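Colleague: Encoded as C-alpha cells, here's the structure I'll be asking about.
The values are calculated or read from the model by the stated rules, or taken from the named source; none is laboratory data. Please read all numbers here as calculations on a predicted model, not as lab measurements. Reconstructed Cβ throughout: ideal geometry from the backbone, glycine too, with neighbour counts over all protein chains shown. Ligands, DNA and RNA are stripped out before the accessible areas are found, and what is left, the full protein with its side chains, is counted by its heavy atoms. Shrake-Rupley method; radii C 1.70, N 1.55, O 1.52, S 1.80 Å.
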Amino acid sequence: MNFNIFKTKQKTPHDLVRYVKDAIHRLDGSDRRKATEDISKYLVSMKNILYGEDDSEPSPDSVSQLAQEVYSNDLLQLLVLNIHRFEFEANVAQIFNNLLRRVIGTRCPTVEYLCTREEVLFTLLKGYEQPEVALNCGLILRECLRHEPLAKIILYSPRFYLFFDYVEMSTFDIASDAFASFKEIMTKHKQMVADFLDTHYEEFFEHYKRLLLSSNYVTKRQSLKLLGEILLDRSNFSVMTRYISSADNLKLMMNLLRDRSRNIQFEAFHVFKVFVANPNKNKPILDILVKNQDKLIVFLSNFHNDRQDDEQFNDEKAFLVKQIQELKPAQE
C-alpha cells in the first residue's frame, strides 16, 4: 500500500517565492503572527532546496528555478528590507549567501543581479544601525564584498565612509563585525583598493586618522594593525610612499609609540619602521628624526625588551636603531 498519498505535496520554487512575498506584505496586516510563521516556514523550505535535506544533495534544476524566481521577483531586496521583522533572520543570511556563491561557468548570476540593485548593498551596510539584525547583515555584506564588482559599488560611494562610524559603535560585537567587513573591503581586491586610495587619498586618510586617535582601545589597535598591512602591501606602494612623506603622520606614529597600551605601541612600531627604513626621506621627515635622534636611540634600545623570543621584531629594532644612528641632517 502506498502511504505517500498522505505526504504534503512539495511546493514548487515558484510557489515558495510567491508565498514568501505575500506573507511579507501581510506583515502590516491584522494577523502579523501568522505572516511571520509563514515566512519562517517558507524560508526553511527554500533553504532545503538550496542546501538539500535528509542527506540528499540539492537538485540543480530546483536550485536554478528558485534562483530565477528570486531574481525576477526581487525577493532578495524584500528580504533584506524586512529582515528586522522576521523571527529567524539567520535563514535569510543562509539563503542569500548560498545564492551569492552560485557559479554558472564563469558567471556569478546573483552578483550580476545585485549590480543592478545597488540599494540592497547599502541596506545591508545600514543594517549595522539595527542591533537586532546587525550581525546577520554583516554576514551577508562580507559575502558580497568578496566579489569585486559589489565591493567596488560600496567603496566608490560616499556611503562607504559610514564604516568609520560603525567601527566605533558602543556595542562591541557590532563594532567588531563592522571592522571585519571594513577590513574585507580594504584588503580583498588589492588593485581596486590601490586605485581607490590613489584617487581618494586625502579624504580616506582624513577619516582614517580619526580611528588612529580613537578613545576606543580596540578600534585604535585594529586600525593601526590594518594601516600597517595596507602600507606594506606592494600593491599600495605609491600610497605608502605618499603616507610616509608626511611629517604629521610621522609625529602621530611617534606619539603612538608612547601610548599607555603596549599593544598599541607594538602596532605603531610596525608603521614607524616604514618611515625610518625609507631610503628617500624628504627634508621634513629627516629633520624630525635628526632632531629626536638621541631620544629615539635611547627609547628604541629600551623598547619592549621583554620580547626576547620575537626574532623578527628584535632584528627590525636593531636595524632601526642603526638607521637612526647613521642619520645626517638634510643638506640645505
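Colleague: With all protein chains present, how much of the accessible area of the chain (probe radius 1.4 Å) comes from carbon and sulfur, to the nearest whole percent? Mind dumping the intermediate values first?
Modeller: Details: 8640 of 17290 Å².
The computed percentage sits at 50.
Colleague: Heavy atoms only, probe 1.4 angstrom, no DNA, RNA or ligands counted: give me Glu206, Glu112 ranked by accessible area, highest first. Mind showing how you got there, number by number?
Modeller: On the way: Glu206 125, Glu112 80 Å².
Putting Glu206, Glu112 in descending order of accessible area: Glu206, Glu112.
Colleague: Turning to a different aspect of this structure: Put one equal scatterer on each alpha carbon of the stretch 120-260, apply the Debye formula with no solvent term, and list log10 I(q)/I(0) at q = 0.09, 0.13 1/Å to two decimals.
Modeller: Result of the Debye calculation: -0.26, -0.56.
Colleague: Sticking with this one: Taking the C-alpha atoms of the stretch 36-145, how large are the radius of gyration and the largest Cα-Cα span, Dmax, in Å?
Modeller: Spelled out, the Cα radius of gyration and Dmax of the stretch 36-145 are 13.5, 39 Å.
Colleague: Roughly what angle does helix 190-199 make with the longest principal axis of the chain, taking Cα atoms, 0 to 90 degrees, to the nearest 10?
Modeller: Long axis of 190-199 versus the principal axis of the chain: about 60 degrees.
Colleague: Which value at 222 nm does the chain reach when only helices count, each DSSP H run of 4 or more adding -39,500 (n - 2.57), with the total divided by all residues and rounded to the nearest 500 deg cm²/dmol?
Modeller: Numbers: 20 runs with 226 residues, N = 332.
Calculated from helices alone, the mean residue ellipticity at 222 nm is -21000 deg cm²/dmol.
Colleague: Using r as the Cβ-Cβ distance of Asn314 and Ser246, and R0 as 25 Å, what FRET efficiency do you calculate, to the nearest 0.05? Provide the component values of the computation, followed by the final result.
Modeller: On the way: r = 28 Å, r/R0 = 1.13.
That pair, Asn314 with Ser246, gives E of 0.35.
Colleague: Taking R0 as 25 Å, what FRET efficiency do you get between Asp31 and His84 from their Cβ-Cβ distance, rounded to the nearest 0.05?
Modeller: Values: r = 19 Å, r/R0 = 0.77.
Efficiency computed from Cβ-Cβ geometry: 0.85.
Colleague: While we're here: Leaving out ligands and nucleic acids, note down the accessible area per residue over the chain with a 1.4 angstrom probe, in whole Å². Display every interim value, and only then the final one.
Modeller: Details: 17290 Å² over 332 residues.
With all protein chains present, the chain gives 52 Å² per residue.
Colleague: Could you list log10 I(q)/I(0) for the stretch 182-227 at q = 0.16, 0.18, 0.28 Å⁻¹, which the Debye formula gives when each Cα is one point scatterer?
Modeller: Normalising to I(0) and taking log10 leaves -0.46, -0.57, -1.07.
Colleague: Then there's this: Using Cα atoms only, what is the angle between the long axis of helix 13-25 and the major principal axis of the chain, expressed in degrees (0 to 90) to the nearest 10?
Modeller: With rounding to tens, the tilt is 80 degrees.
Colleague: While we're looking at this one, here's another question. Once you charge only the Cβ atoms, +1 for Lys and Arg and -1 for Asp and Glu, what is the size of the charge dipole of the stretch 99-234 about its Cα centre, to the nearest 20 debye? Walk me through the numbers before you get to the answer.
Modeller: Details: 18 positive and 19 negative charges, 88 e Å.
About 420 debye.
Colleague: Rounding to the nearest 10 and keeping the result within 0 to 90°, find how far the Cα-based axis of helix 217-232 lies from the longest principal axis of the chain.
Modeller: It works out to around 80 degrees.
Colleague: On to the next question. Could you name the lysines in cross-link range of Lys291, using Cα to Cα under 22 Å and dropping any fewer than eight places away on the same chain?
Modeller: Cα-Cα hits under 22 Å: Lys251, Lys273, Lys281, Lys283, Lys317, Lys322, Lys328.
Colleague: If you keep only loop residues by DSSP, which chymotrypsin sites (Phe, Trp or Tyr not before Pro) in the stretch 150-185 have at most 15 other Cβ atoms within 10 Å of their Cβ?
Modeller: Numbers: sites: Tyr156, Phe160, Tyr161, Phe163, Phe164, Tyr166, Phe172, Phe179, Phe182; in loops: Tyr156.
For chymotrypsin sites (Phe, Trp or Tyr not before Pro) across the stretch 150-185 that sit outside H, G, I, E and B with at most 15 neighbouring Cβ atoms in 10 Å, the list reads Tyr156.
Colleague: What's the Kirkwood radius of the stretch 224-312 in Å, using all Cα pairs?
Modeller: Its Kirkwood hydrodynamic radius stands at 13.7 Å.
Colleague: What stretch of the chain, leaving out the sites themselves, is the longest with no trypsin sites (Lys or Arg not before Pro) in a DSSP loop having at most 14 other Cβ atoms within 10 Å?
Modeller: Working: sites that count: Lys7, Lys9, Arg101, Arg117, Arg258, Arg260, Arg307.
With trypsin sites (Lys or Arg not before Pro) excluded where exposed in loops, the chain gives 118-257 as its longest stretch.
Colleague: If you don't mind, another one. Provide the per-residue ³J(HN,Hα) series for the stretch 292-308, in order, calculated from phi with Karplus coefficients 6.51, -1.76, 1.60 and θ = phi - 60°, each as a whole number of Hz, with x at glycine and proline positions.
Modeller: 9, 3, 5, 4, 5, 5, 5, 4, 5, 5, 10, 7, 6, 5, 7, 8, 5
Colleague: Same structure, new question: For the stretch 118-128, what does the Karplus curve 6.51 cos²θ - 1.76 cosθ + 1.60, with θ = phi - 60°, yield as ³J(HN,Hα) per residue in whole Hz, taken in order and with x for Gly and Pro?
Modeller: 4, 4, 4, 5, 6, 5, 4, 4, 5, x, 5
Colleague: Could you give the length gained on full extension between Asp22 and Glu112, defined as 0.36 nm per residue of separation minus the Cα-Cα distance, in nm? Mind showing how you got there, number by number?
Modeller: Working: separation 90, 0.36 × 90 = 32.40 nm, distance 2.57 nm.
So the chain would gain 29.8 nm between Asp22 and Glu112.
Colleague: Mind checking which of Phe266, Phe299, Phe122 has the largest fluctuation in a GNM of the chain, springs on alpha carbons under 10 Å?
Modeller: Phe299
Colleague: Please state, rounded to one decimal and in Å, the Kirkwood hydrodynamic radius that the chain gives when every pair of distinct Cα atoms enters the mean of 1/r. Each step should come with its number before you reach the end.
Modeller: On the way: mean 1/r = 0.0432 Å⁻¹.
Averaging 1/r across every pair of different Cα atoms and inverting gives 23.2 Å.
Colleague: Of the candidates Thr219, Thr123, Thr106, which one comes out as most mobile in a Gaussian network treatment of the chain with C-alpha springs shorter than 10 Å?
Modeller: Most flexible of the set in this elastic network: Thr106.
Colleague: Can you tell me which of Ser215, Ser64, Ser56 moves the most in a GNM of the chain? Springs connect C-alpha atoms under 10 Å apart.
Modeller: Ser56
Colleague: Compute, for Met186, the solvent-accessible surface of its heavy atoms (probe 1.4 Å) with the complete set of protein chains present, and express it in square angstrom to the nearest 10.
Modeller: Answer for Met186: close to 10 Å² accessible.
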